[in-house]
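The values are calculated or read from the model by the stated rules, or taken from the named source; none is laboratory data. Just so we're clear, the structure is a prediction, and the values are computed from it rather than from any experiment. Cβ coordinates were reconstructed from backbone atoms using ideal geometry, including for glycine residues, and neighbour counts include every protein chain displayed. Just so you know, the surface numbers come from the protein's heavy atoms only, side chains and all, with ligands and any DNA or RNA stripped out. Shrake-Rupley method; radii C 1.70, N 1.55, O 1.52, S 1.80 Å.
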Amino acid sequence: MNPWFVFALMTVAAVFAVLWPLGRRYQSLAGGTEASVYRDQLAEIDRDLAGGLIGAAEAEQARIEISRRLLAATGAETGPVAQPTTRLRRVIAIVALVGLPLAGLAIYLPLGSPQLGDFPLAARSQAPDGKEPLVNLVAQVEAHLEKNPTDGRGWTVLAPVLARLGRSDDAVRAWRNAIAYGGDSSERRADLGEALIAAAGGVVTGEAKGEFERALALNADEVKASYFLGLAAEQDGRTGDAASIWKAMLAKAPPDAPWRGLVQAALSRVGVVAPALSDDTMAAAREMTETDRNAMVRGMVDRLAARLKQNGDDVEGWLRLVRAYLVMGEREKAVTARADARQAVANDADRLRQLNEGLKNLGLDG
Amino acid sequence: MIAEAGHYALVLALGLALIQSVAPIVGARRGDIALMEMARSTALAQLLFVGASFTLLTAAHVTSDFSVVNVFENSHSAKPLLYKITGVWGNHEGSMLLWVAILALFGALVAAFGTNLPLSLRAHVLAVQAWVAAAFYLFILFTSNPFARIAQPPIEGRDLNPILQDIGLAVHPPMLYLGYVGFSISFSFAVAALLEGRIDAAWARWVRPWTLVAWIFLTLGIAMGSYWAYYELGWGGWWFWDPVENASLMPWLAGTALLHSALVMEKRNALKVWTILLSILTFSLSLLGTFLVRSGVLTSVHSFATDPARGVFILLILCIFIGGSLSLYALRAPQLKQGGLFAPISREGALVLNNLFLTTACATVFIGTLYPLALEVLTGEKISVGAPFFNLTFGPLFVPLLLAVPFGPLLAWKRGDLLAAAQRLTAAGIVALIAIALMWAWLRGGPVLAPLAIGLAVFVIAGAISDIAERTGLFRMPLPVSLRRARGLPRSAWGSAFAHAGLGVALIGIVCETTWNSEYIATMKPGQVARIAGYELKLEGLTQRQGPNYRETLAQFSVGLDGEKLPAMTPSKRSFTTRGMSTTEAALLTRGASQLYISLGDASADGGIAIRAYYKPLVLLIWWGPVLMAFGGLLSLSDRRLRVGAPKPARAARRLQAAE
């Protein structure tokens, strides 16, 4: 159906609602009156008296009071005065006929998108066009693999997609098949382990750990496996082991490795201040004088503060800044940073809570 | 087309509201019946269009049309159908649409069933109602449009906040909104009376059923919200004095006061100006609640979205309506005819006392809620006013109020006899004293205040029963006579007895839960047993399960009491992949009015899981009380309708002649 046709019908209905009362004839005032309420009340007193709920004297008193109100009310009712104000009615009729459609369009057109049709999901799933949804492609690949379960390449393509869709259990099965039919490799073992973790809701299970160890046996430099083994150690409460695994990763890492930040964050989580700098810079720092080193640290802190001023969402960053100020013995700045941090994340309850917990750990809550 | 039609329907509703806000008033001024009648047809048409708009948005949610931003941001194709529907109002834009839909519903109800109202009063009421509606239509269309579209629709939505994926969302917000918005009717009546410059006892009679409806829904809505927080948030708490909860409590307190003062106005033509003020304040507090929750001033579960533009707009609406109505009040109230006088010891006096306590309690909550916000705005200092403040101020205000509750219905109108009322309450007092003594003997030491509080609650309940016994002449007269009188008793008398008893019931629940609540927090491994209040909870095992749009860890507990085997409990923890959030689903085992409560915490690496187990004696009374109150309200409402709707014409006519 054409949307404009529907809009027109709706407009006609709205205009009709305004015009209809104007076209009717009214004999008299149809509404209720005050007097009827008081008559009700009088009847109520009779009933209460008959039921023995009130005494005769009280009833008489109440009756007099209500009768007085009733008299006043009937006196005030001057009777139905219906003077059709023709001019006024005409103005309203014109407003309804012309104004309502015009105002409707004037408001709707800038806001609405009448050219857009419906996109119910069911209809879209069946549409065989080029923009076919990922879900359908996955279903097709799965159907294909159902028939050719030994297609190792197919499983290798499907598995990461399943993992991204959140279908962790299926992803685990897919990676297993990929390894069985497409050949073993350290990457696939590591990916399988990752899928197992996702399926377990973030817990590095024994099974997953086994896969990472196998991956490392195939390739000692497998980054993902190392990282997750560190995580396993952390989850087991062996933070020392976790830290040493991650430190070793950082030591071996090329300076521009994209996962550096992730590992550093993990390290700071277990309480080790991550070497945020490459080894060369650290070595240089070791050779500096006390003043130079202080200047370098201060420079880093200032950069952090400047970054947080622009983007205050980073709770970890704020906590690092506060900790740095505290270490440098600058308590006022730490307090100011705390206030800034709270203001920056005030709109986000989760972050605010996280921040407050962190501050509590630093002994700077309140 | 579905979404666009919904959008256009909303725009048309705005157009109709604008006409409805002017034409009927002009009609009433000129005495033109047709223009006054126009308020009815436009109010009904508004309901048609807003209802259509809401239905079409729901249709977009059900069919997962992700080209609608609102659907994309708050829905997911894998979500169960129920949550696809409730998700419509589980977000800012949709909930505002529900708000105006209910506003339109109330307007249409007045238009359809307000046939007993004088024409000009009805025209004024509906016009004022249309002002409110127009303001909110503008707010929705320009700052929170639920029908905004995406030209290139994404294939999957972002899912609804997992905490809201619960049956509670199907009931709590609609109930609460029916309450909040229902008070708009008494507001409109008040402003209409001020505009007309005429107010009398009949006004109170007309406005009372609407206030009662709003009050019933608000009571149920608050109770439902409290129960939802209790089982969903996993802390076992049922009231947190959270600003958003307070925002719903304030209109309830003011509305309860309004209900009582309107009674005085109806019966005795007194307290008129005060009742008008209360009507205005109650709805203002409802608006304030909407503002607090929607503007992002507060962060809580309820704030779905925060956007400064919305905040400013709502603030504007708030200023115009509250400021405007109060200015009108200040201007017109002195010209209103003052009502009758009465002695301090009388039914009216008791109701004034009730009003004093309720409004003071309301003011206390108001200060506790808004003071920290004001302080933060003025000085930047952040403080939190928590439960201790409210417990310390609210408690002392409610104790005398509860003590006075049984006296009110026993006092006569105009001039009451306190001594006689006290005599009639002797039985209730004795029952309460026995309850206190029994509690003391049973506890031998222990908390001192708890038995006293329970005694107070028993006094309130027994007082409500004595009131009914007194009216029916139970024990004084033969049983058949009493039964006949009980049948003849006005339903509103039964209603107030039930509502007052509900207050006592809730108090017992509150006292028992806070005093004798036992808690057990530990990390358990399968096979281990926790003991709490005589119950043995054995963790049988942990299993994983895949839900439609989440994974959950279930813990099976077998429950035993003195060797007897009770139904198993399976609390769970759900993790939702789309939002990366998890929720706890507490397991509840109900034994009478008491409950055993287990919720899960985090799993530890060695296969254990943190659990919180609570035994909460008589906790369900906390919610049965409000349900009882709402039932009382319903009884009272049925009474009104019967009597206002169907007067006895013959008899009434005779009475009229006698009066003249």
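Summary of computed values
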| quantity | calculated |
| --- | --- |
| Karplus (6.51, -1.76, 1.60) ³J(HN,Hα), θ = phi - 60°, over region A:330-335, in Hz, Gly and Pro reported as x | 9, 5, 4, 5, 4, 5 |
| Reference-scaled alpha-carbon Rg (2.2 N^0.38 Å with N residues) for region B:1-54 | 1.28 |
| Kyte-Doolittle mean at least 1.0, axial Cα span of 27 Å or more - DSSP H helices of chain B | B:2-30, B:33-62, B:92-113, B:119-143, B:167-196, B:272-294, B:347-379, B:449-472 |
| Heavy atoms of A:Arg269: accessible area, 1.4 Å probe, square angstrom to 10 | 130 |
| Computed log₁₀ I(q)/I(0) - Debye formula, equal Cα scatterers, no solvent, region B:40-116, q 0.13, 0.19, 0.26 Å⁻¹ | -0.44, -0.74, -1.08 |
| Threshold 10 Å² - residues in region A:1-17 whose accessible area is reduced by that much or more when the chain is no longer isolated, probe 1.4 Å | A:Met1, A:Pro3, A:Val6, A:Phe7, A:Met10, A:Thr11, A:Ala13, A:Ala14, A:Ala17 |
| Per residue value of the accessible surface for the protein assembly as shown (all protein chains in place, 1.4 Å probe), Å² | 44 |
| Per-selection Kirkwood Rh - chain B (Cα, Å, 1 d.p.) | 27.0 |
| Between region A:37-67 and region B:81-151, the alpha-carbon center distance in angstrom | 41 |
| Accessible surface of A:Glu357 - all protein chains present, 1.4 Å probe, nearest 10 Å² | 100 |
| Region B:317-438 - Rg over Rh from alpha carbon coordinates, Kirkwood radius | 1.12 |
| Highest to lowest packing among B:55-66, B:88-99, scored as the average C-beta count within 10 Å | B:88-99, B:55-66 |
| B/A buried area, accessible surface, summed, 1.4 Å probe, Å² | 6900 |
| Other-chain or far-sequence residues with amide H under 5 Å of B:Ala530's (modelled H) | B:Leu537, B:Lys538, B:Leu539 |
| B:Leu489 long-range amide H proximity, modeled H, under 5 Å | none |
| Listed peptides B:130-140, A:149-159, A:173-183, B:419-429 by packing density, highest first (mean Cβ within 10 Å) | B:130-140, A:173-183, A:149-159, B:419-429 |
| Ellipsoid equivalent to region B:219-281 - semi-axes via the Cα gyration tensor, in Å | 33, 11, 6 |
| Within chain B, helix-based [θ] at 222 nm, where runs of 4 or more DSSP H residues each add -39,500 (n - 2.57), nearest 500 | -22000 deg cm²/dmol |
| For region B:144-159, 3J(HN,Hα) per residue [Karplus equation, 6.51 cos²θ - 1.76 cosθ + 1.60, θ = phi - 60°, Hz, x = Gly/Pro] | 9, 7, x, 9, 4, 10, 10, 5, 10, x, x, 8, 9, x, 8, 6 |
| Distance between region B:1-71 and region B:469-494 - C-alpha centres, whole angstrom | 49 |
| Dimensionless Rg/Rh of region A:185-252 - Kirkwood Rh, Rg from C-alpha atoms | 0.95 |
| Partner chain coverage, peptide B:37-48 - average Cβ within 10 angstrom | 4 |
| Shielding by other protein chains, B:419-427, mean Cβ within 10 Å | 0 |
| Radius ratio Rg over Rh of region A:288-366, counting only Cα atoms, Kirkwood formula for Rh | 1.00 |
| Solvent exposure ordering (accessible area, 1.4 Å, most first) of B:Asp562, B:Asp200, A:Asp170 | B:Asp562, A:Asp170, B:Asp200 |
| For peptides B:612-619, B:310-317, sequence by mean Cβ density within 10 Å, most packed first | B:612-619, B:310-317 |
| Accessible-area value, B:Cys319, 1.4 Å probe, nucleic acids and ligands omitted, Å² | 90 |
| B:Leu117 long-range amide H proximity, modeled H, under 5 Å | A:Gly32 |
| Where A:Thr205, B:Thr211 fall by accessible area, highest first, once all protein chains stay in place (1.4 Å) | A:Thr205, B:Thr211 |
| Normalised contact order of chain B, rounded percent, pairs of Cα under 8 Å and 6 or more residues apart | 11 |
| Cα centroid separation - region A:240-259 against region B:366-420, whole Å | 60 |
| Accessible surface of chain B, 1.4 Å probe, proportion on carbon and sulfur as whole % | 68 |
| Set A:Lys360/B:Lys573; A:Lys309/B:Lys382; A:Lys147/A:Lys209 screened for pairs whose C-alpha atoms are more than 23 Å apart | A:Lys360/B:Lys573; A:Lys147/A:Lys209 |
| Heavy-atom SASA rank of B:Thr359, B:Thr543 (probe 1.4 Å, accessible area, largest first) | B:Thr543, B:Thr359 |
| Theoretical FRET efficiency, 1/(1+(r/R0)^6), r = Cβ-Cβ of A:Ala220 and B:Gln546, R0 41 Å, to 0.05 | 0.70 |
| Per-residue HN-Hα couplings for region A:336-342 [Karplus 6.51, -1.76, 1.60; θ = phi - 60°; Hz; x = Gly/Pro] | 4, 4, 4, 4, 4, 4, 4 |
| Once the Cα gyration tensor of the protein assembly as shown is diagonalised, semi-axes √(5λ) in Å | 60, 38, 28 |
| Within 10 Å of each Cβ in B:200-211, the average number of Cβ atoms from other chains | 3 |
| Whole-percent pair-distance distribution, where bins are 5 Å wide, for the alpha carbons of region B:1-158 | 2, 11, 19, 19, 15, 11, 9, 7, 4, 3, 1, 0 |
| Carbon/sulfur fraction of accessible area - region A:288-366, other protein chains in place, 1.4 Å, % | 48 |
